[in-house]
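What follows is one structure encoded as structure tokens, with my remarks underneath.
The values are calculated or read from the model by the stated rules, or taken from the named source; none is laboratory data. All values derive from a computational prediction rather than experimental measurement. Cβ: placed from backbone, ideal geometry, glycine included. Neighbour counts: every protein chain shown. The protein model used for the area step is the full one, side chains on, heavy atoms only, and it has no ligands, DNA or RNA in it. Shrake-Rupley method; radii C 1.70, N 1.55, O 1.52, S 1.80 Å.
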Amino acid sequence: MEPPKHIVAVSAFITNKKQEVLLVKTFLRKDTWELPGGQVEEGEPLQQALCREILEETGFIIQPARISGVYYNATGSILNIVFHANLLSGKLEKQPDEIMEAAFFKLEKETIKNYIRRDHLVPRVLDAMSSSSSVPCETWTTAPFKRIERLN
């Protein structure tokens, strides 16, 4: 199988009851905190990939609510879709094979760079923090055409 020309990834903006944001620190990017998420597998719906990745990385069960932004890293050809997601259940249990640390933080625009130290990751979180608008996201089958899910 030929490797993909583009990688599609999903991330989640998740808050707890104190309005703190869930961030993770990965082994690949030890210098920064970031939104949890990961790569979408071939043929996997975006929402399903998001739920799988968050469960694998943190132990939380979530419900994707809406998309807050779409971002493209030209180096590496990575398309990242950031979702707002509701925390349904689970207990924070980082997975040691993927995640160094996972925690909730009270983020403010003025202090975000104390946590998120890579410039390209900052707008993803700021956009999610400030945006109440969303982008529709649909999943379809094609034979026959049938909508499986729509997020507004």
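Subtracting the Cα-Cα distance of ARG52 and ARG29 from their residue separation scaled by 0.36 nm leaves 6.2 nm. What the chain shows is 59 Å² of accessible area per residue, with the surface traced by a 1.4 Å probe over protein heavy atoms.
Total lysine pairs in the chain at Cα distances under 24 Å, for residues eight or more apart or on different chains: 24.
Extending 7 Å from the Cα toward the beta-carbon at both LEU88 and ILE148 defines two label points whose distance is 1.6 nm. Rounded to the nearest 500, the helix-only mean residue ellipticity at 222 nm of the chain stands at -4500 deg cm²/dmol, with each DSSP H run of n ≥ 4 adding -39,500 (n - 2.57). Taking every alpha-carbon pair under 8 Å whose residues sit at least 6 apart, the chain reaches a relative contact order of 27 percent.
Helix 46-58 and the longest principal axis of the C-alpha atoms of the chain enclose an angle of approximately 30°. The fraction of accessible area contributed by carbon and sulfur in the chain is 53 percent, rounded to a whole number (1.4 Å probe; ligands and nucleic acids excluded). With all pairs of separate Cα atoms included, the chain yields a Kirkwood hydrodynamic radius of 16.0 Å.
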